[in-house]
Every structure is written in C-alpha cells, then in structure tokens.
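What follows is a set of notes on a single structure, which appears directly below.
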Amino acid sequence: MDKIKYAIVGSGWRSKFYIRIAQAYQNDFQVTAMLVRSSQKAESFKKEFGINVTTEKNEFLESKPDFIVVAVSKDDIFNVTKEYSDLGIPVLAETPAGIHPDDLNKLWNMQQNSGAKIQIAEQYHLYPSYQSILREANSGK
C-alpha cells in the first residue's frame with residue numbers, strides 16, 4: 001500500500017500531532033507540506049521536524065497531498081476548510097468545524113449536496129464521561 005500523504009494548514013499545537021504521526025509511522029504516512037503564516041514559523045518547523053514548510057499557498061498545493069489537515073484557530077477553521085474543499089481537495093478539520101450554526105450547516109450542505117469530502121477529527125464522544133451521558137440519553141429514561 002502506498003503512503004497516505006497529507007499536508008497541514010496551521011502551526012498550533014494540534015498540527016504537531018499530525019507531524020508526529022507521520023514521523024512515528026513513516027511507512028504509512030507522509031506530511032507533504034505545511035502552510036504557516038510567517039517565515040519565522042516556517043523556519044522553526046523546518047528545523048524542529050525536518051519537513052517542507054512554506055508560507056506560499058501555491059507551493060503548498062504543489063506538494064499534491066491526498067488530503068489536507070486544517071488545524072487553525074476556531075475563528076478561521078470554517079473558512080479554511082471551505083477554501084480547500086471548494087478546490088476539490090478532501091479535508092480533515094480539527095474541532096470546532098465552525099463556531100456558528102450557519103457555518104456548520106454550510107459544511108453539511110457542501111458534503112450532502114456537492115459531494116465535498118470533509119471529515120471532522122472529533123474524539124470527545126469517546127471520553128468515558130460522554131459515553132455515560134450518551135448511554136443515559138439513549139436509555140429512554
């Protein structure tokens with residue numbers, strides 16, 4: 001099987017998890033590029049992780065990822081997710097996918113009506129406390 005190739009938008013703490021995944025499982029995953037806002041951050045990430053980091057969107061897209069991980073601030077995540085999805089690129093977005101219900105509805109409609117490939121990286125439903133709440137809610141009580 002070929003490596004799964006992904007690119008990352010954003011330089012926050014969540015983006016580092018995706019870099020570490022690719023480094024830990026080099027036979028399975030590859031970070032093709034990372035897009036950050038400043039040349040200082042680009043240099044810092046290049047030095048720390050030894051990956052292709054750029055501030056230029058075109059260079060980022062030329063890395064030809066299978067999908068893009070969007071790990072930006074909650075204020076920007078909807079717009080960035082929509083931007084890459086509108087280009088026909090599959091997106092894995094961190095949470096929250098949007099901070100306004102209208103944004104969440106737009107993402108849902110993009111997926112349902114135009115076939116946009118958008119996945120949200122949500123893990124909270126697996127937490128024991130949430131599992132207890134879901135069991136109680138689904139119990140019919």
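The values are calculated or read from the model by the stated rules, or taken from the named source; none is laboratory data. Just so it is clear, the structure is predicted and the values come from calculations on it, not from any experiment. All Cβ positions, glycine included, derive from the backbone under ideal geometry; neighbour counts span all protein chains shown. Protein only, heavy atoms only, side chains kept; ligands, DNA and RNA dropped before computing areas. Shrake-Rupley method; radii C 1.70, N 1.55, O 1.52, S 1.80 Å.
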Quick one: is E94 among the acidic types (D, E), modelled with pLDDT under 95 and closer than 19 Å to M34 by Cα?
yes
Of all residues in region 97-113 being open to solvent by less than 60 Å² (accessible area, probe 1.4 Å) and either hydrophobic (A, V, I, L, M, F, W, C) or modelled with pLDDT under 90 (or both), the one that is farthest from the chain's Cα centre (by Cα)
M110
Among the residues of region 8-41, what is the count of those that are closer than 19 Å to T95 by Cβ and either in contact with a Lys or Arg (Cβ under 7 Å, 6 or more places away or on another chain) or not β-branched (V, I, T) (or both)?
10
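Conditions tested, residue by residue: (1) small (G, A, S); (2) surrounded by fewer than 17 Cβ atoms within 10 Å (Cβ to Cβ).
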{"residue": "A42", "(1), (2)": "yes, no"}
{"residue": "T54", "(1), (2)": "no, no"}
{"residue": "N58", "(1), (2)": "no, yes"}
{"residue": "D66", "(1), (2)": "no, yes"}
{"residue": "V80", "(1), (2)": "no, no"}
{"residue": "G115", "(1), (2)": "yes, yes"}
{"residue": "I120", "(1), (2)": "no, no"}
{"residue": "Q123", "(1), (2)": "no, yes"}
{"residue": "P128", "(1), (2)": "no, yes"}
From the residues in region 1-39 that are in a loop (DSSP other than H, G, I, E, B) and open to solvent by less than 50 Å² (accessible area, probe 1.4 Å), which one is farthest from K74 (Cα to Cα)?
S38
Determine whether S73 is out of contact with any Leu (no Cβ under 9 Å at 6 or more places or on another chain) and surrounded by 13 or more Cβ atoms within 10 Å (Cβ to Cβ).
no
Pair list, Cβ under 8 Å, 6 or more apart: region 90-106 residue closer than 19 Å to V9 by Cβ, other residue surrounded by fewer than 17 Cβ atoms within 10 Å (Cβ to Cβ) and small (G, A, S)
L92/A121; A93/A121; E94/A121; T95/A121
In region 130-139, what residues are open to solvent by 70 Å² or more (accessible area, probe 1.4 Å) and of a type in the set (G, A, S)?
A137
